[in-house]
Amino acid sequence: NIIASLIAVDPDGAEQVVEDLSVLFRASLKNSGNEASLEEELELCRRYIHIEQLRMGERLQVAWDIQVDAKSLKIPLLTLQPLLENAIYHGIQPLSAGGMVTIRALAHNGNLVLSVSNPKPEGDGHHKGNRMALENIRHRLEALYGDDVAVESRPEQKEYEIEIRYPLQ
């Protein structure tokens with residue numbers, strides 16, 4: 001729908017959305033066990049955010065806190081992007097004022113720590129979810145990195161955060 005609405009008023013914008021979707025679709029068709037650089041994963045996130053910002057406008061704010069060398073670190077493809085998608089769908093979309101999604105990556109005690117946080121709507125939001133994305137990510141990480149993987153959700157009163165930790169290679 002975004003593409004259709006942009007064709008007449010912003011053909012270059014429509015073309016950019018098609019390119020963004022193309023990159024996201026190609027990534028989703030790759031083997032989910034494939035590793036990519038953190039920078040490649042962050043680029044997928046940026047493209048997804050671009051599409052969502054066209055739909056949500058200023059309601060969607062994003063903060064990046066990347067404290068590692070994203071070009072040299074490898075992570076399983078589609079680790080952060082599904083978490084970002086959930087943060088927008090469950091955390092930002094139900095709020096009339098929208099809110100801020102924060103994406104973090106840092107090294108701590110020999111681990112890579114990745115997190116995505118978003119405001120938490122009151123109650124269960126508009127859709128509680130089935131936690132399938134979290135479980136899929138956990139299983140993929142455990143297959144690659146063993147038992148030292150942690151995937152934790154932290155539902156606070158006003159914020160929801162997902163944190164992933166596993167040893168740096």
- Task: Kindly provide the set of residues from region 4-14 that are at pLDDT 75 or above and under 18 Å from residue 49 (Cβ atoms), ordered by number.
- Result: 10
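Working only within region 88-116, note down all residues that are of a type in the set (A, V, I, L, M, F, W, C), crowded, with 19+ Cβ neighbours inside 10 Å and touching a Pro at 6+ places or on another chain (Cβ under 9 Å). Outline the logic, then answer.
So the first thing to find is which residues in region 88-116 are of a type in the set (A, V, I, L, M, F, W, C), and the list is 88, 92, 95, 97, 100-101, 103, 105-107, 112-114, 116.
Add one more test, that the residue is crowded, with 19+ Cβ neighbours inside 10 Å, and what stays is 88, 92, 101, 103, 105, 112, 114, 116.
Matches in region 88-116: 92, 101, 112.
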- Answer with yes or no whether residue 115 is part of a loop (DSSP other than H, G, I, E, B), within 19 Å of residue 39 (Cβ to Cβ) and of a type in the set (S, T, N, Q). no
- Task: Name, by its number, the condition in (1) of a type in the set (S, T, N, Q); (2) over 17 Å from residue 158 (Cα atoms); (3) not in a helix (DSSP H, G or I) that does not hold for residue 53.
- Result: (3)
- State whether the residues of region 51-59 include one that is in contact with a Lys or Arg (Cβ under 8 Å, 6 or more places away or on another chain), surrounded by fewer than 20 Cβ atoms within 10 Å (Cβ to Cβ) and among the polar types (S, T, N, Q). no
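Take the residues in region 102-121 that are small (Gly, Ala, Ser) and more than 14 Å from residue 153 (Cα to Cα), then tell me which one is modelled with the lowest pLDDT.
110
Here are 24, 42, 60: which of them is modelled with pLDDT of 85 or more, within 11 Å of residue 78 (Cα to Cα) and under 15 Å from the mean Cα position of the chain (by Cα)?
42
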- Does any residue of region 139-150 turn out to be surrounded by fewer than 17 Cβ atoms within 10 Å (Cβ to Cβ), at pLDDT 90 or above, touching a strand residue (DSSP E or B) at 6+ places or on another chain (Cβ under 9 Å) and not in a loop (DSSP other than H, G, I, E, B)? yes
- Quick check, is residue 124 acidic (Asp, Glu), modelled with pLDDT under 95 and over 25 Å from residue 34 (Cβ atoms)? yes
- Message: Can you say whether residue 70 is surrounded by fewer than 16 Cβ atoms within 10 Å (Cβ to Cβ) and among the aliphatic types (A, V, I, L, M), as far as the supplied structure shows?
- Response: no
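The values are calculated or read from the model by the stated rules, or taken from the named source; none is laboratory data. Bear in mind the structure is a predicted one, so any value in this text is a computation, not a measurement. Using ideal geometry, Cβ is built from the backbone for each residue, glycine included, and neighbour counts are taken over all protein chains shown.
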